[in-house]
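What follows is a short report on a single structure.
The values are calculated or read from the model by the stated rules, or taken from the named source; none is laboratory data. No experiment lies behind these values; they were computed from the predicted model shown. Ideal geometry is used to build each Cβ from the backbone, glycine not excepted, and the neighbour counts take in all protein chains shown. The area values use the complete protein model at the heavy-atom level, side chains included, leaving out ligands, DNA and RNA. Shrake-Rupley method; radii C 1.70, N 1.55, O 1.52, S 1.80 Å.
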Amino acid sequence: MSKRFSTLDTTRLLFEHPKILFRMIERMDRNEARYIRESDLVGEVMDYTGNLGKADRDRVRLAMNTDNLFRSGLIIDIIKAEGERRLVFQDALINLMRACNASLYQELTDARLRGHLVTLRDVRNRLETSSFSDADPDYTELRDDLNERVSQLIGLLRQNVLRMQTISAQLADLSGDASRAPEKYLEFRQNLFEQIVTLYDRHIKPTLVFLNPDTRLPDGSNLFETLEAMVRLLETNDNHSLADQIFRSSLSLNALYKPIQAVAQEVEHFLRKTRRGMAQYNAMEHFYGKLRALKDDTETLSLRRKWLEGGEFARSTGFLLGLRAQQRPKHYAFGQSSSYYQLLFSELDLRLTDLRRKAEVPVLQEVDGSGRHSRIDVQRINQLYQWLETLELRPTADLVRELHGRLDGFIPGYRFPDLLAALNRLVNSPPEGMQVVTTNRFRTLEQAPDSEQFVYRKRRLEPGVTDIKQEPSHA
């Protein structure tokens, strides 16, 4: 007796090496057939197992043997026609393999959609003559059939949406030659136009019509009218739970219209692209596909593969080199603590106070020259000191930058020497209840008009510490 695997072991091996069936399903879809030729399967298995070790090679070849697949129930029929053997696999297995690879999802055609609609109409007609009694087996079978068909339709349409959302890669493949050969661009564009129009007319447009609640069909009600009629029948016969379920299903189907409409707009936009636009489009899709493959490698059962291994990608592309040397853009976000909002409102109050006091801002005398040796008039300094006496300050981690922000834009003719004068004044005569703490950290300020830079030692303005003198105790 020859060695064979159980159905569970055979299925496990198929999913450990999924590329074999992936390629077979692609070929089956290309030929628009419902079967796989045995010769194609044998050739694909031999090619795939050529690079495997001896133990794995023998296991895969034995599992993918036609007799083993037939005995395990994964092949339901073997048809002999035109001198060849054609293998019909379980629909459940083929559909599961399609679910594992979005590129294998089948676009729904007008014929398939109409088939689902005709089936739902038949269920509605049978509901009209049903007893709506749970004791009636005909009604319970009809109810289960209704649930199954609606769920199956939602699943197929969601798969179709996922398939259509990957249409960008398909458009890039179709337009690859058109973007690489300028002299044949017009010919390629004509062929490309025909292929995309076929895709639009055969798959995208029928789905849009099917999911449009305003569609009027000559042979009867549309999808949503059929579902609404069933909801009314169920509510009239007090089956509110099933009526609510069908109503929620109709809402889910209605929500699928917008994603497919977005795909249709993308196709229309692509048809208006120039040759240069196609080249840019293909380049972005090419590198996006590489990054997508790196991301797919992290979605395995290995818990160690959590990060993209993009070192080789960065070296091969070149435009990512040196990215780490650049500072990350600083984001601004509102905090969650009450102290954060107190600080924010305090800053706003100070700014509003400055704006209200703008009429009191002294007009300082302009001084000729610039730099640290600039002549600063005594009257100018006195005016600045008088204004500082009325300036309201709060504790800050950088007093110099705080003063710069308060003086710049409010004091006409403001320059860095004014900042130095104001800083010296506050260091020597800090505000009441405050103290200035000098640190050994240096910072740089830059003034826009002349790009003049000022390197300063960071100073903090903190609440002052009150010294309490104690009387000496007398023994």
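In the set (1) under 30 Å from LEU233 (Cα atoms); (2) assigned to a loop (DSSP other than H, G, I, E, B), the condition left unmet by GLY73 is number (1).
Please go through the range 190-231 and give me each residue that is among the polar types (S, T, N, Q) and open to solvent by 30 Å² or more (accessible area, probe 1.4 Å), ordered by number.
Initially, the range 190-231 is screened for residues among the polar types (S, T, N, Q), giving 190-191, 195, 198, 207, 212, 215, 221-222, 226.
Result: GLN190, ASN191, GLN195, THR198, ASN212.
Considered as a group, the residues in the range 155-169 that are hydrophobic (A, V, I, L, M, F, W, C) and open to solvent by 20 Å² or more (accessible area, probe 1.4 Å) include one that is modelled with the highest pLDDT, and that residue is LEU156. The set of residues from the range 54-70 being open to solvent by 30 Å² or more (accessible area, probe 1.4 Å) and either assigned to a loop (DSSP other than H, G, I, E, B) or in contact (Cβ under 8 Å) with a residue 60 or more places away in the chain (or both) comprises ASN65, ASP67. Within the range 23-33, the set of residues being under 17 Å from THR49 (Cα atoms) and either in contact with a strand residue (DSSP E or B) (Cβ under 8 Å, 6 or more places away or on another chain) or buried (at least 17 other Cβ atoms within 10 Å of the Cβ) (or both) comprises just one member, MET24. Do we find that LEU87 is touching a Leu at 6+ places or on another chain (Cβ under 6 Å), surrounded by 15 or more Cβ atoms within 10 Å (Cβ to Cβ), of a type in the set (A, V, I, L, M) and modelled with pLDDT of 90 or more in this structure? Spelling it out, it is not the case that LEU87 is touching a Leu at 6+ places or on another chain (Cβ under 6 Å), surrounded by 15 or more Cβ atoms within 10 Å (Cβ to Cβ), of a type in the set (A, V, I, L, M) and modelled with pLDDT of 90 or more. Contact map, the range 283-305: residues that are farther than 19 Å from ASN101 by Cα paired with residues that are surrounded by 12 or more Cβ atoms within 10 Å (Cβ to Cβ), Cβ distance under 6 Å, separation 6+ or inter-chain. Pairs shown: ARG305/THR298. Counting residues in the range 37-53 that are closer than 30 Å to VAL150 by Cα, among the charged types (D, E, K, R) and either open to solvent by 40 Å² or more (accessible area, probe 1.4 Å) or touching a residue at least 24 places away in the same chain (Cβ under 8 Å) (or both) gives zero. Given the condition surrounded by 12 or more Cβ atoms within 10 Å (Cβ to Cβ), within 27 Å of PRO417 (Cβ to Cβ), modelled with pLDDT under 65 and not small (Gly, Ala, Ser), answer yes or no: does some residue in the range 350-360 qualify? Within the range 350-360, one or more residues are surrounded by 12 or more Cβ atoms within 10 Å (Cβ to Cβ), within 27 Å of PRO417 (Cβ to Cβ), modelled with pLDDT under 65 and not small (Gly, Ala, Ser). The condition of being open to solvent by 70 Å² or more (accessible area, probe 1.4 Å), touching a helix residue (DSSP H, G or I) at 6+ places or on another chain (Cβ under 9 Å) and either among the aliphatic types (A, V, I, L, M) or assigned to a helix (DSSP H, G or I) (or both) holds for only one of ARG124, ARG112, that being ARG112. Can you tell me how many residues in the range 232-248 are open to solvent by 20 Å² or more (accessible area, probe 1.4 Å) and either within 29 Å of GLU268 (Cβ to Cβ) or in a helix (DSSP H, G or I) (or both)? Going through the range 232-248 one residue at a time, the tally reaches 10. For PHE132, the conditions (1) more than 18 Å from LEU227 (Cα to Cα); (2) open to solvent by 10 Å² or more (accessible area, probe 1.4 Å); (3) of a type in the set (A, V, I, L, M, F, W, C); (4) more than 30 Å from the chain's Cα centre (by Cα) are fulfilled apart from (1). Contact map, the range 73-91: residues that are polar (S, T, N, Q) paired with residues that are open to solvent by less than 40 Å² (accessible area, probe 1.4 Å) and modelled with pLDDT of 90 or more, Cβ distance under 9 Å, separation 6+ or inter-chain. Pairs shown: GLN90/GLY73; GLN90/LEU74; GLN90/ILE75. Of all positions in the range 179-187, at least one carries a residue that is under 29 Å from the mean Cα position of the chain (by Cα), modelled with pLDDT under 80 and surrounded by 13 or more Cβ atoms within 10 Å (Cβ to Cβ).
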